[in-house]
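Visitor: One structure, as structure tokens, below. Some questions next.
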Amino acid sequence: MNKNRTDKIVVTLTKWSGISLFTAVLIWGTVYFLKGYRYEQTNDAQIDAYLSPVNAKVGGYISKIYYKENQQVHKGDTLVVIERDEYGLKRNAASAELMSAQAKLPILAAGEETQTKSIEVIKAQLSGTKAKLNQQQREFDRYKNLLADESITQQKFENVSMSLAISQADYDQTKASLQVAVSRLNDLSAQRNAIAAEIKIKEALLERQELDIKYTIITAPFDGQIGKKTIQEGQLIQPGQTLAFLVNKAEEKWVMANFKETQIGHFKIGQPVSIEVDACPNDQFSGVIESLSPTTGSRYSLLPPDNATGNFVKIIQRIPVRIKLTDTPEKLARLSAGMNANVYVLKD
């Protein structure tokens, strides 16, 4: 009797379990069919965001690292410090070269002042030699007339003529000396321009060295979260080397969904989208289509497929579709770049 009762209970439980399972499968199939009928969907989708690399502008050995892996940082926070002893020596050398170039200016100014006074002296001498030359010219003209009247001897006239030639030579020499002195002053002025240009170069080099010292302290360019830590203290880094990746908190996140080419025929910009993220199974996110890729994803590969071959197998291609998330920043804060998602686009 007890055995028959037990068999009845087993049969009843089996029957209702089968009914429950059938009902569940029926409901799941109905929901799946309705979703497939009302939505174009794909599970080939991921959350995406801009990853900004933090690069070193100068090379050297890492002195100190001030961040940890996955740490939240604020704009201006110090991330890495590079040893600056070598850059300090370069700055001191550039500063000394600048001082050396600047020290040439007082020496040049003294030379210009001396040359200017020399020109004034030569000009005074030139006035004297000019007056003497004029006097000798008048003396020569007078003795020339006297010689014509045979009032003086030929010897006396030759002496006066020689004195005129000497005065002319003295005048020409003084005039040439003045030209040389003026040319020398012009040379000094040209040297001043050259020294001024040299000082500009030295100042620029010093500013460059100061900038390199500033670059030894690497700071966060904006508020965000640091990714994986890949460097260690004492490590030698090169200019331009990526030290970390920083996710900008202020920048928006989006979904990149790859739909089959047979699904996007009626897609348009602004079309509403529902997103389910594997990391948040109990939540649903909203968005709109922002843009469609002009080419299939395979065209961006290193070796795009070439169908102009003897053997051809038609494969359905996928088109990347960028979807803008429209939920509140608080809700989107739980999403991280790279998370898998299921995307449903409501059919028109």
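The values are calculated or read from the model by the stated rules, or taken from the named source; none is laboratory data. The model shown is predicted, which means the values in this text are computed figures rather than measured ones. Cβ placement follows ideal geometry from the backbone for every residue including glycine, while neighbour counts extend to all protein chains displayed.
Visitor: For the stretch 239-303, which strands (runs of 3 or more DSSP E) that fit wholly inside it have 2 or more residues that are farther than 30 Å from ILE82 by Cβ?
Guide: Values: elements: 242-248, 254-260, 272-277, 280-292.
Those strands (runs of 3 or more DSSP E) span 254-260, 272-277, 280-292.
Visitor: Here are the criteria: (1) farther than 30 Å from LEU211 by Cβ; (2) in contact with a Ser or Thr (Cβ under 6 Å, 6 or more places away or on another chain). Tell me which single one ASP141 does not satisfy.
Guide: Condition not satisfied by ASP141: (2).
Visitor: Taking the condition of being exposed (fewer than 15 other Cβ atoms within 10 Å of the Cβ) and either assigned by TED's automatic domain parsing to the domain that holds GLN235 or not hydroxyl-bearing (Ser, Thr, Tyr) (or both), how many residues in the stretch 84-101 meet it? Please lay out each step first, then the result.
Guide: Keep residues of the stretch 84-101 that are exposed (fewer than 15 other Cβ atoms within 10 Å of the Cβ), which gives 85, 88-89, 92-93, 96, 99-100.
With the extra rule that they be either assigned by TED's automatic domain parsing to the domain that holds GLN235 or not hydroxyl-bearing (Ser, Thr, Tyr) (or both), the set shrinks to 85, 88-89, 92-93, 96, 99.
Qualifying residue count for the region: 7.
Conditions (1) assigned by TED's automatic domain parsing to the domain that holds LYS130; (2) more than 49 Å from the chain's Cα centre (by Cα); (3) at pLDDT 90 or above, marked per residue:
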residue: TYR171; (1), (2), (3): yes, yes, no
residue: ALA176; (1), (2), (3): yes, yes, no
residue: ASP187; (1), (2), (3): yes, no, no
residue: LYS200; (1), (2), (3): yes, no, yes
residue: GLU210; (1), (2), (3): yes, no, yes
residue: ILE226; (1), (2), (3): no, no, yes
residue: GLN232; (1), (2), (3): no, no, yes
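Visitor: Still on this structure, I have one more. Looking only at residues in the stretch 327-348 that are outside any strand (DSSP E or B) and of a type in the set (A, V, I, L, M), which one is modelled with the lowest pLDDT? Write out each step before concluding.
Guide: So in the stretch 327-348, the residues outside any strand (DSSP E or B) come out as 327-339, 347-348.
Cutting the leftovers down to of a type in the set (A, V, I, L, M) gives us 332-333, 335, 337, 339.
Values: LEU332: 87, ALA333: 84, LEU335: 88, ALA337: 87, MET339: 93.
In this case the residue turns out to be ALA333.
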